[in-house]
Every structure is written in C-alpha cells, then in structure tokens.
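Before any comments, here is the structure.
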Protein chains: 2
Amino acid sequence: MADTPAILDLIEHQLGERAVLRHPADQARYISDWAGDRLGMPLGVVRPSTTAEVAEIVTLCREHGVRMTPQGGHSGLVAGALPDRDGGELVISLERLNRIRDLDPINFTMTVDAGCILETLKQAAAEHDCDFPLSLGAQGSCQIGGNVATNAGGLNVLRYGMMRQLVLGLEVVMPDGRIWNGLHALHKDNRGVDLKQLFLGSEGTLGIVTGAVLKLVPRPEQSRTALLGLPSVEAVVALYGLARRDCSDLLTAFELIPRRCIELAMEATPALRDPLDEAYPWYVLMEVAATGPVDLSAMLEHLLERGMVRELIVDGALAGSEAQAQQLWQFRESMLEGQRLRGEHLRTDISVPISAIPAFVEQATREVMDASPDCEIIAYGHIGDGNLHFNILPPTALDDAAKRQHLRELEDKLFAVLDGFGGSISAEHGIGRTKQAPYLARLSPLEHEMARGIKALFDPEGLMNPGRILPVER
Amino acid sequence: MADTPAILDLIEHQLGERAVLRHPADQARYISDWAGDRLGMPLGVVRPSTTAEVAEIVTLCREHGVRMTPQGGHSGLVAGALPDRDGGELVISLERLNRIRDLDPINFTMTVDAGCILETLKQAAAEHDCDFPLSLGAQGSCQIGGNVATNAGGLNVLRYGMMRQLVLGLEVVMPDGRIWNGLHALHKDNRGVDLKQLFLGSEGTLGIVTGAVLKLVPRPEQSRTALLGLPSVEAVVALYGLARRDCSDLLTAFELIPRRCIELAMEATPALRDPLDEAYPWYVLMEVAATGPVDLSAMLEHLLERGMVRELIVDGALAGSEAQAQQLWQFRESMLEGQRLRGEHLRTDISVPISAIPAFVEQATREVMDASPDCEIIAYGHIGDGNLHFNILPPTALDDAAKRQHLRELEDKLFAVLDGFGGSISAEHGIGRTKQAPYLARLSPLEHEMARGIKALFDPEGLMNPGRILPVER
C-alpha cells in the first residue's frame, strides 16, 4: 500500500513549497481534460522545474510504492494523463519544465524541455525563419512532452509526419528514477535498436519524457488555401490522387469536411457565411505551402482545372489573401466547437487505407444509420493519412445515460466495420483508458505478450501511468 | 551443443531439396559481402520460399539449439549478415521470398516479401506512376528485408527519410518461430507502443523480417541536377541553408564531394572528364525533383545566383538533359569504385549536427594527418543528414597487417574527435560486428541494460543473429 501522506511532505521538503499542490481547489485544472467530461482524484499534484527534480520525485515514488501520472497540457482525448479516481496517483505536471535549451537554425533542430507549449516552440522557431511543423487545434495549450508521449498527429502529417518523424532525440526519466540522456541532435543515427521509439506513443507508461530534440523545417514563405465543393467521397479520394501529384511535396493539408460540419461551424460562429454559392455534400479544405520561388497559385489553378474537367470538383474558392485563408480555416476550427456544443457524442480517430475510404464511409454510415436512424454522423478527417474522425451525435431524445450506452453500441458496430477494412481504432489520439477495451480485443496473443513484456522490462513495479494502454496486472 | 548434422536433414525433409545448400561451392556467395573482405563458414544455407517455411526453419533451429543468420542481398558493410567462422550458424537466405503481394497506387503503398530486390520494387512502383524513394548504390542487389533490418539510408534521406520513415507495416518470424502479422497498410496508426520500430535497425537480432508494407510517393516527373565548385566546407553548409529554403521540400540530394573523389572517379572511369573548367577543393552534387507544374530550372538558377553573389559557389554545371545529369551522377558512383580499387581502407559513416560539419572536418583532418602524415583522407557525404563518409586510405608503403593496425588506431582517433561534437559512429551502416567495440564503449550502463533487456525479451535463447550489435552473453 502506498505511503500516501508522507510522500508529499518528502517532495515538498526536497523541492520547496511551490512544487506541491495539496488543496483540491489548486488541483482542479489537473483533473480534467479538454473535453471536460472526465474527472480523477489525485493523491496530489507536483510540479518539478528541472529534469533532476523529476528524477527525485520518481525515485521517491518508487521507494514508497506510489503510482505516478505524468501530465502535459490536458489536451488528450483518451484520459491517458488524468489521475485515477481512487486518490492513489500522484500527478507529475511538467508545466514548469518549460525552457528552450537550444535552437540551431543551421542544423534545423531545437532542444526543449517537455513542458514547453507547442505554440511557444513554433513562435521561437519562426524567429529563426524556421518552423516546427506539428499543427494541432490544441497547440496553444498542449505541451511538447505530451505530444511526444502520444505521438501526436494533426493537420500537417501528410507532409511532415507525426511526432515520431519530428523527434531526433529524447531525455527520459525512467520508472526507476534514472535519467536517460538520448538528446542527440543528429538527423541520421543508426546505432542498434532505436530506444527513443519506445517512448513515442507509449503515453507515459514507460517513463517520463523531460526533454526532446525536435526537427525543424524552413518556415514557409507563402501558402495558398482553397475550399472546394465535391459530389462524393470517391471524388475526394480521386482529387487527392491528382493533388498529391500536381502539388509535388508542397501539399500541406487535405481535409475532408462534410456539409453537416459547415453547418455546425456556422452555428458555432454566426459570423461565418456559407463559403460557396451552393451547398455540396462534401468539401475539401486544402493548403499548399513553399519557401522559395514557386508559383503556388498557378499550381493550385492547374489542379482545380484538372479536377473540374474530370467532374471531381463542382465549385471552389481560392483564398486571395492571408485573411481569406484564415477565414476558410475558421470553418475547420468552428466545426469542432460546434460539435462540442452538442454535448456528449462519440469521438473517434480511426484510419483505413486511403483507397478504402469511400467504401468504408458508405458501409459504416449505412450500418450505423440502420442501427440508429435518429443519430447524426459527422465524418471528417485527413484524407492523405487515411484518418477519419467518424463521429456520432446521439439522438437528442435520449437522456445522458441512455446516450452513453447507445454510443458504446454504435462504437462497437463502427469498429466491426473498420476491422473488415484492416483499419485502426486509433490513428492519432492513442489508447489511454477510453480505447483500452477495443484495443485489447484486437491484439493478438503475441502482440499482447510483446507489449506486456516491454512494460514489465521498463517498469517492473507497474507504477508509471498504470492502467493506460494495458490494464494493471495484479 | 547444436545438433548440426540432423537439422539440415530435417529442413530438407520438410522443405525439399532446393531449400538446402550443403556444398561449399554452392555456399560461396552467402559467405562474403560487397566489400569481399570477410568470410564466414556456415553450418549450411537454407532458402525458404514462404513465411511459413521461415517459421518452420526457425522452430527447428530453436528446438535444436542452432544459431541463425538471416541474410539478404550481401550489401551490408558491417558483417552483420555473414555467418560466423565456427561453422555453427545456419544462414537463412530470404532470396526466394520475393513476391510483390500487393501494390495500391491510391493508398500509395506496396506490400512485399522481404527477399525482393530494391531495384525490382522501384520498377514495379514506377509502372503505377509511383516511386519507392529509397536510393542506394547497392539497389540492384540489396533486398528490402535487409533494408528494413538495417534501417537503410542512402542518397535521398534528406527528402524522404530512412527506411524507418518508409515502412508502414511488417511481418516478422519471431525467434520462437511464431509469425507476427503487423502488415498494416495504414499511414497513421497510433495504438500503443509501435512494435515494428524494434525490428527496424535491429539487424535481424530480434526476429526475421519476412514482409513489409512500404510507403510510396508520386513518381517525380522532372528533375534537375547541378555540380558546383565551392571554396570551403563552410561554404557548402551555408549553401545548404540557402538550398533548403529556395528549393522548398523539392530538394532530393545534396552531396558533398572533395576534389580527391573527383580524381578517384576519373581514375576508375577514364571516360570521365573534369566536370568544371578548374579544380575546386569541394564540390556539391545536388538534385531537385518534382511532379506537377514547377519550374525547377528557375528554382535552381535562383539558388545558384544567390550562392554566387554570396561567394559560396565559384563555378557550376547545370545538367541540360537527363544524359548530362547521369554523367554528373557518374562521378558519385565512380568515386566509390575508385576507393574500392585502392584496397584496404577505413570506411566510416559518421554523423554530426549539420552546423558542426565544418569544424568537425577541420579538426578530424588535422588530428588524423598529424598522426599519420602519409595517409589520405576522403570525406564525402550527405550534408542535409549531417552524414559523412570520412574515409581514410592508409599509407601505401605499409604491408596489409600494418595497414589494418594503423587504420584501427586512426579510427579510434577519429571517433574521439566525433565524441566532442556529439556525433554518431554509425549514421546508416549499423553496428553488426565491425562497429561493435566503439558502439559498446559509448553506451551508458542504462542504454546497455535496455538494449540487453530487449534482446533477452525477444530472443531469450540468444539464437537469432547472435553477436551482432551486442556481444553473446554466456
């Protein structure tokens, strides 16, 4: 049993008063995530400000058998960084570990503390004419350590990859309190098993990421955005094939948006006007960006012409200015807010092969609507990644408990369709607690054995973010 | 002790006569690598033609305690896939596992057997207007399974990444004979620890890769190549900074070549003429490529003008045709042949931060020349990856044994300089046997423990490619 009262005193003694939050009022913002629909009750919240302090805390927790919840910017969507309800987990917030240690614009790298806010890093890179290309709705609050731990994705994965492709080195406090210094600022390094890969996407279950070397790219000097109306998902996928070619590797985003999302966006942001003269069943919001002398307008116009000749595009708006581009992107942001205003709903972040998207959307829509004619489907996503947020708003007539039960059943149905297409139940949000059951149900015995073996190897006492991804073994 | 005679009979019994090579004459090509300077003596060579057959062989080896050497196309440079000299290792060649299982140009993926030759895959992709962008000197003979196992790099890493960035799914026969099916054709998949990362770069020590899902890109429709003469390594690095911006993400290669390599190339291929009017201490061979309507000539000309105004470039040749471009690339290939003709020399594939390249080259050159005034340094490489082949030709006066001893000492000196710049002793070739000592010397105790723990978890009996990367534990 954890020696609960003593550990906060010990940490306070070693790290000072500022490092420990004991009162429930101070803890409020550490026990809920962005969606606001989950709560935990921690043993306490500690806020180290150096890697050495993180190591001290972890060492103490290990000595006292205290379970740990490493925590970033509370923008997770699978309850992976929220403390359990049993009052036995110590939240270790990385928010005070927020220094940029180094920025090398010639090497195109920056070395940062885990608690740095993504947006802050992007701004720091911009000052050196560079960009850190991870782009998320939550970038104003999410922390880079959380982005590493969850292998974050976002809008620009198509061109720049997920966090896994953007991390060159890591510093990690291991579950036994030792510090692993893997902060290499090398673009190419091929020495045996690449240990840092284990921490990317393991959601804090194998150690606490305290620092990272990030890969930068030249800051784009110009970009062009277009919003296009299309007749079908087939047309969207066919247009992607053209765009991937016509835009070379300058295609930054290619977002699928259904009509319903345009409406939700206009509900959430009344200032928004319908972007095209008529309504279309599907829209594509796309962006190309470049440094150097490339005529992006000509590139996009060429693509739009080809798309229209082939009857893939019916109508479209090409942003003539940065302000117009931002207005088009406003739809993408407001539609998320519009969904949130609708309350409890099924959020998913599935993926399928790009070529399977039309058939998957057709079959999943049909099966879900057959099972629940009064629900509403909102399927949007990143076409180039095969990644769909196939979300479901429950029938408004149900009460909250019935809605939840109903959505669970629809999720099962949706995932069963997904299995038929060789899809993934999580393309970017991860497993955490909320996707654990469907994740485990799809692991082969061998995969389960490998995952459990790695967890046991790194964290034999099972104190590091226990119960996330894999269930606690007793 | 291994039950050596029996196992070949058992395998022959199960897989047929074609699958087993017993006679030394038949085994010759399985016991040396590209450089031809290392030999092993296997227990035998077996050639399965399906994943199930690989699994049968591995199961038999495990039952009989026989050590296994998985083998691809013999183009490794660190003796990782060559059998030991003690006659106790069974070579498992993947060469008959050579089917393309699927090619999906809409999903931009292909699913292939491990024994497929890289060049064959590139051609198959080209037929669908796609490209598999891994590009190596050995692409006519190396196998994709070897590329996966060694996390191969090559000429286009700058734009497309190493194998790690190009593999979406894997199929692996585990050391216990079970088959792991991780052949997901998903561009984004974030379900817990990414198991496939462990097999990428672990050089066949954790299992035998039998299949892979590879990421394709649109096949470039146009490219431009330039060979430039520069006054210094500083100028090369500064030009890279300009090129990375002016060429957006269309820069495919940016190779540093010293004058001595131009001479070696002309020695190896007498038809080659000095490419520029005068000789320059350093050259850059660079390429940009694109699909779609981009004016690459204007892009390159803009860069060259900027480079000349800043006195980074002194002179240059821009290939006016595909034939001229091939002629320029001929220097890159012939210089390798020129080195090989010089016999025993120190081959390295180190990396440093890009910003450190000039200071590293200066210090390493000085220290090596101070220690051995009669040796010859040939430092070329991939600037955008910070990856240098800092090779050393020994003094011609020494006999072979003395040359080897001398080169070992110079390698120690070079790696000591490298340590001061936070560099890697292997940016792409891997560790195998030949880089094991310097690799181990630089592992922290924690890293050693993690690497050993993972090996023991996957291969508790230590039969899978033993002694590569990590020493055999007895």
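Per-residue mean of foreign Cβ neighbours for A:245-254 is 6 (Cβ atoms of other chains, 10 Å radius). The charge dipole of the protein assembly as shown, taken about the Cα centre with unit charges on the Cβ atoms of Lys, Arg (+1) and Asp, Glu (-1), comes to about 1060 debye, rounded to the nearest 20. Suppose only helical runs count, i.e. DSSP H with n ≥ 4. What mean residue ellipticity at 222 nm does that imply for chain A under -39500 (n - 2.57) per run, divided by all residues and rounded to the nearest 500 deg cm²/dmol? -11000 deg cm²/dmol, from helical runs alone. Candidate cross-link partners of B:Lys435 among the lysines, defined by an alpha-carbon separation under 26 Å and a same-chain spacing of 8 or more, comprise A:Lys188, A:Lys196, B:Lys196, B:Lys403, B:Lys413, B:Lys455.
Selection among A:His13, B:Gly137, B:Met286 by position relative to the dipole of the protein assembly as shown gives A:His13 as farthest towards the positive end (Cβ unit charges, Cα centre). Using R0 = 41 Å, the C-beta based FRET efficiency linking B:Glu333 and B:Gln363 works out to 0.90. Once the Cα-Cα distance is subtracted from the 0.36 nm per residue extended length, the B:Glu127 to B:Ser223 segment shows a gain of 32.7 nm. Taking Cα atoms only, the orientation of helix B:357-371 departs from the longest principal axis of chain B by about 80 degrees.
Within 10 Å of the Cβ of each residue in A:198-209, the mean number of Cβ atoms contributed by other protein chains is 2.
Rounded to the nearest 20, the size of the Cβ-charge dipole of the range A:179-252 about its Cα centre is 200 debye, with Lys and Arg at +1 and Asp and Glu at -1. The phi torsions of the range A:147-159, fed into the Karplus equation with coefficients 6.51, -1.76 and 1.60 and a -60° offset, translate into couplings of 4, 5, 4, 9, 6, 4, x, x, 7, 10, 4, 2, 9 Hz, rounded to whole numbers, with Gly and Pro shown as x. A point 7 Å from Cα along Cα→Cβ stands in for A:Leu341, and the other copies hold the same point at 7.5 nm, listed in rising order. Selection among B:Ala397, A:Met68, A:Leu276 by position relative to the dipole of the protein assembly as shown gives A:Met68 as farthest towards the positive end (Cβ unit charges, Cα centre). For B:Asn107, the residues whose amide H sits under 5 Å from its own are A:Ser355, ignoring neighbours fewer than 5 places away on the same chain, with H placed 1.01 Å from N. Neighbour counts of C-beta atoms inside 10 Å place A:Arg29, B:Arg219, A:Arg22 in the sequence A:Arg29, A:Arg22, B:Arg219, starting with the fewest. The other copies place their A:Ser223 label points at 3.0 nm from this one, listed shortest first, where each point is 7 Å from Cα along Cα→Cβ.
Computed from label points 7 Å out along Cα-Cβ, the spacing between A:Arg29 and B:Glu473 is 4.6 nm. Evaluating 6.51 cos²θ - 1.76 cosθ + 1.60 at θ = phi - 60° for every residue in the range A:80-87, the Karplus couplings come out as x, 10, 9, x, 5, 8, 8, x Hz, glycine and proline recorded as x. Please report, to two decimal places, log10 I(q)/I(0) for the range B:350-420 at q = 0.19, 0.26 Å⁻¹ as given by the Debye formula with identical point scatterers on the Cα atoms and no solvent. Debye output, listed in q order: -0.73, -1.19. Scanning residues 5 or more positions from B:Ile378 or on other chains, those with amide H under 5 Å from its amide H are B:Asn391, B:Ile392, B:Leu393, with H placed 1.01 Å from N in the peptide plane. Rounded to the nearest 0.05, what FRET efficiency is calculated for A:Ser141 and B:Met41 with R0 set to 60 Å and r the Cβ-Cβ distance? Step by step, r from the Cβ atoms, then E = 0.45. Using C-alpha pairs under 8 Å with a sequence gap of at least 6, the mean separation divided by the residue count of the range B:222-341 gives a relative contact order of 46 percent.
Computed 3J(HN,Hα) for the range B:404-413, one whole-Hz value per residue from the Karplus formula 6.51 cos²θ - 1.76 cosθ + 1.60 where θ = phi - 60°, is 4, 4, 4, 5, 4, 5, 5, 4, 4, 5, glycine and proline marked x. Annotation: amide H-H contacts under 5 Å for A:Gly316 (H modelled 1.01 Å from N, sequence separation of 5 or more, or interchain): A:Gly229.
Dipole magnitude for the range A:4-93: about 160 debye, using +1 per Lys or Arg Cβ and -1 per Asp or Glu Cβ, origin at the Cα centre.
Projected onto their three principal axes, the Cα atoms of the protein assembly as shown cover extents of 89, 64, 63 Å, largest first. Going by alpha carbons, how many degrees (0 to 90, nearest 10) lie between the helix axis of B:4-15 and the longest principal axis of chain B? It works out to around 90 degrees. Here the protein assembly as shown carries DSSP beta bridges of which approximately 85% are antiparallel, counting only pairs with both residues inside.
Comparing B:Leu328, B:Leu318, B:Leu239 along the charge dipole axis of the range B:222-341, the residue lying farthest to the positive side is B:Leu239, per the Cβ-charge model. Each residue, B:Asn181 and B:Ser321, gets one label point 7 Å from its Cα in the Cβ direction; the gap between the two is 5.2 nm.
Residue by residue along B:176-183, Cβ atoms of other protein chains within 10 Å of the local Cβ number 2 on average. Between A:Arg96 and A:Glu449, the contour length at 0.36 nm per residue exceeds the Cα-Cα span by 123.4 nm.
Where a number appears in this text, it was derived from the coordinates with a stated rule and is not lab data. This one's a predicted model, so the numbers in the text were calculated from it and none came from an experiment. Counting neighbours? That spans all protein chains shown, and the Cβs are built from the backbone with ideal geometry, glycine included.
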